[in-house]
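Peer 1: The structure that follows is given in the form of structure tokens.
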Amino acid sequence: MVKVASSFGRSGTHDFILLRASAIILLTYVLFLVSFFVATPQLTFDVWAGLFSNLWMKVYTLLALTALLAHGWIGVWQVLTDYVKNSLGRGVLQFIVSVALIAYWLTGLFVLWGV
């Protein structure tokens, strides 16, 4: 079996399952936030900060950020290997997107936990 260094999972099946699982996590997170916006009559900074002061919300947000990282990493790899035939261009694009995804995750980590 050929191992691809840029693939997030161990195989195509593993990548497929990770993509579906991360999509479900992201969907539930977005639905929760939309319902929070709809159910909150006056959305102020104090209400928003109160929501994110809860441990469960921090963990849920970190889980969503991790799902976004995995989903984006696998998705970009699949799209670029299908449509960008120039290996140098594909490598550069994949590097840029990967660095951006890691930066988003680290920024979320620092914002959530105040590290």
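Peer 1: Are there any pairs with C-beta distances below 7 angstrom linking a residue in segment 90-115 that is of a type in the set (A, V, I, L, M, F, W, C) and surrounded by 14 or more Cβ atoms within 10 Å (Cβ to Cβ) to a residue that is modelled with pLDDT under 95 and outside any helix (DSSP H, G or I), with the two at least 6 apart or on different chains, and if so which?
Peer 2: L93/V84; L109/V115
Peer 1: Specify which of the listed residues (V111, V84, V59, V47) is more than 30 Å from F36 (Cα to Cα) and β-branched (V, I, T). Reasoning before the result, please.
Peer 2: Numbers: V111 fails: more than 30 Å from F36 (Cα to Cα); V59 fails: more than 30 Å from F36 (Cα to Cα); V47 fails: more than 30 Å from F36 (Cα to Cα).
Residue meeting the stated conditions: V84.
Peer 1: Further question on the same structure: Going residue by residue through segment 4-14, is there one that turns out to be on the phi < 0 side of the Ramachandran plot, outside any helix (DSSP H, G or I) and either loosely packed, with under 11 Cβ neighbours inside 10 Å or at pLDDT 90 or above (or both)? Explain how you work it out, then say what you get.
Peer 2: First pass over segment 4-14, keeping only residues on the phi < 0 side of the Ramachandran plot: 4-14.
Now narrow it down to the ones that are outside any helix (DSSP H, G or I): 4-11.
Now restrict to residues that are either loosely packed, with under 11 Cβ neighbours inside 10 Å or at pLDDT 90 or above (or both): 5.
Yes: segment 4-14 contains one or more residues that are on the phi < 0 side of the Ramachandran plot, outside any helix (DSSP H, G or I) and either loosely packed, with under 11 Cβ neighbours inside 10 Å or at pLDDT 90 or above (or both).
Peer 1: Within segment 53-64, take every residue that is within 11 Å of L112 (Cα to Cα) and within 18 Å of the chain's Cα centre (by Cα) and give me the one that is surrounded by the fewest Cβ atoms within 10 Å (Cβ to Cβ). Steps first, please.
Peer 2: Going through segment 53-64, the residues within 11 Å of L112 (Cα to Cα) turn out to be 53-55, 57-62.
Still in the running and within 18 Å of the chain's Cα centre (by Cα): 57-62.
On the way: M57: 15, K58: 16, V59: 11, Y60: 16, T61: 18, L62: 15.
For segment 53-64, the residue satisfying everything is V59.
Peer 1: Taking only pairs six or more apart or across chains, which ones have beta-carbon atoms under 8 Å, a first residue in segment 43-70 that is farther than 24 Å from I24 by Cα, and a second residue that is loosely packed, with under 12 Cβ neighbours inside 10 Å?
Peer 2: L43/F37
Peer 1: Further question: Out of V34, V38, V76, report the one residue that is assigned to a helix (DSSP H, G or I) and under 18 Å from F95 (Cα atoms).
Peer 2: On the way: V34 fails: under 18 Å from F95 (Cα atoms); V38 fails: under 18 Å from F95 (Cα atoms).
Answer to the selection: V76.
The values are calculated or read from the model by the stated rules, or taken from the named source; none is laboratory data. Worth saying up front: this structure is predicted, and the values here are computed from it rather than measured. Note: ideal-geometry Cβ built from the backbone for every residue, glycine included; neighbour counts use all protein chains shown.
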